[in-house]
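A.B. asks: Below are the structure tokens for one structure; questions will follow.
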Amino acid sequence: MVKDRFAAGKVVALLQQAKHDPKIIDSLLDHDFGADHSATYHISKWFEFWNVGFNIWRLKIWTEPKGSLRYRIVYAYAPKSLQYYVLAVVHRDFEYNKDHEITNRILKAYRDLGITTY
């Protein structure tokens, strides 16, 4: 059940656009891309897991003026297959605690997909 149709629409629209726009794809592994609002979204590594070998990223969608959507896209990159995987869409209040139920679900999805850790 979609609770926020506006946010869901923005997330789906960006993901659809990314499928057809190499510029977006190229930016998805560029930590802090768009942090200055030079793009419609901001990319960041999930450092707690990045530092222990997981290729997990977060995408924040900017809204006007200078705000952000209430949800973040958590995704992984699998370099062997050159594929991106959306692991979760989380509320911006999610604190990314390593022991959180959602974090555990995200890590399980990562492992189940067989994405390499480094």
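The values are calculated or read from the model by the stated rules, or taken from the named source; none is laboratory data. Just so we're clear, the structure is a prediction, and the values are computed from it rather than from any experiment. Methodologically, a virtual Cβ is constructed for each residue, glycine included, from the backbone with ideal geometry; neighbour enumeration extends over all protein chains shown.
A.B. asks: Tell me which residues, restricted to region 89-116, are over 24 Å from R70 (Cβ atoms) and of a type in the set (S, T, N, Q).
C.D. replies: Matches in region 89-116: T116 only.
A.B. asks: Determine, yes or no, whether N97 is more than 25 Å from P22 (Cα to Cα) and not β-branched (V, I, T).
C.D. replies: yes
A.B. asks: Please name all residue pairs, on different chains or six or more residues apart, with Cβ atoms under 6 Å, provided the first residue is in region 31-52 and is over 24 Å from H100 (Cβ atoms) and without any contact (Cβ under 8 Å) to a residue 60 or more places away in the chain and the second residue is part of a strand (DSSP E or B) and hydrophobic (A, V, I, L, M, F, W, C).
C.D. replies: F33/I43; H37/W62; T40/W62
A.B. asks: Now for a separate question. Do any residues in region 4-29 that are farther than 17 Å from A78 by Cα have Cβ atoms under 8 Å from those of residues that are surrounded by fewer than 13 Cβ atoms within 10 Å (Cβ to Cβ) and not charged (D, E, K, R), where the two are at least six apart or on different chains, and which pairs are they?
C.D. replies: Close Cβ pairs (under 8 Å, with a partner that is surrounded by fewer than 13 Cβ atoms within 10 Å (Cβ to Cβ) and not charged (D, E, K, R)) amount to A8/V2.
A.B. asks: Among residues belonging to region 1-10 that are surrounded by fewer than 12 Cβ atoms within 10 Å (Cβ to Cβ) and basic (K, R), point out the one that is modelled with the highest pLDDT.
C.D. replies: R5
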